[in-house]
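Trainee: Dumping the structure here so I can ask a few things about it.
The values are calculated or read from the model by the stated rules, or taken from the named source; none is laboratory data. Since the structure is predicted, the reported quantities are computational estimates derived from the model, not experimental observations. Positions of Cβ are generated from backbone atoms using ideal geometry, with glycine treated the same way; all protein chains shown enter the neighbour counts.
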Amino acid sequence: MAARPRSQGSDPQPLSRAQELDLIEQLRGRWPEEFGIDEPLWSRRSVATLVERLYGLTLSTAEVGYYLRAWGIWARQPTDRACALCADAVARWVQNEYPAIVRSAREHHAELHWVGRTRLHGVTPAAAVLSAVSTRGQIRFMIVTPTVDPPLPRDFLLRLPGPTGRTTHVVIDGSWARRDWPRRVPRHIVLHPLPSCERGA
């Protein structure tokens, strides 16, 4: 497990190592509503709520963000989402195509998210983390179990707009070939592929 937040002075660590590992196990393959938390996906706030319910500890959203980064969940730049062979193509895409997506999202008062997949850091059994980062810096995620290379789950995309069902634009990085995308999503969820040499037809 990656290093936990450092305390100030002699204050105790907010979570013990055992609690941190248990928290990850609680999150694997489960949604917030299974714990009575009224959020569609895991976020800094919903994780803080779960920590308080499970362990009686109060964490700020900033402290939760430190844990998420240690687990491999953070806001990445577009070029960080590409392999070395695709970096130039991604840079051109960001310059030439991405501005039109941003304009369309603004015109339709839509949310805009960047979605990707990574491996959960420092734990066994291995698992994949799917994360969505909005242009406002909000992070929503799920930990998938037991597979470490799942297709892009339709349920994850359906939960991004939240209960309002507002139009949501989603930029999907090269973690998935096109054949691993859901076959159908509602019209209010608009998918945009980030250039990748791994994408299938």
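Trainee: Look through the range 7-65, keep the residues that are of a type in the set (S, T, N, Q) and in contact with a Ser or Thr (Cβ under 9 Å, 6 or more places away or on another chain), and return whichever of them is modelled with the highest pLDDT.
Mentor: 43
Trainee: I'm checking my understanding of the structure. Among residues of the range 24-38 that are free of Cβ contacts under 8 Å to residues at least 40 places away in the same chain and part of a helix (DSSP H, G or I), which one is surrounded by the fewest Cβ atoms within 10 Å (Cβ to Cβ)?
Mentor: Among residues in the range 24-38 that are free of Cβ contacts under 8 Å to residues at least 40 places away in the same chain and part of a helix (DSSP H, G or I), the one surrounded by the fewest Cβ atoms within 10 Å (Cβ to Cβ) is 34.
Trainee: In the range 46-63, what count of residues is obtained for those that are part of a loop (DSSP other than H, G, I, E, B) and within 16 Å of residue 16 (Cβ to Cβ)?
Mentor: 4
Trainee: Would you tally the residues in the range 150-193 being assigned to a loop (DSSP other than H, G, I, E, B) and under 19 Å from residue 136 (Cα atoms)?
Mentor: The number of residues fulfilling the criteria is 9.
Trainee: So, one more: All but one of (1) free of Cβ contacts under 8 Å to residues at least 60 places away in the same chain; (2) more than 22 Å from residue 64 (Cβ to Cβ); (3) exposed (fewer than 15 other Cβ atoms within 10 Å of the Cβ) hold for residue 182; which doesn't?
Mentor: (3)
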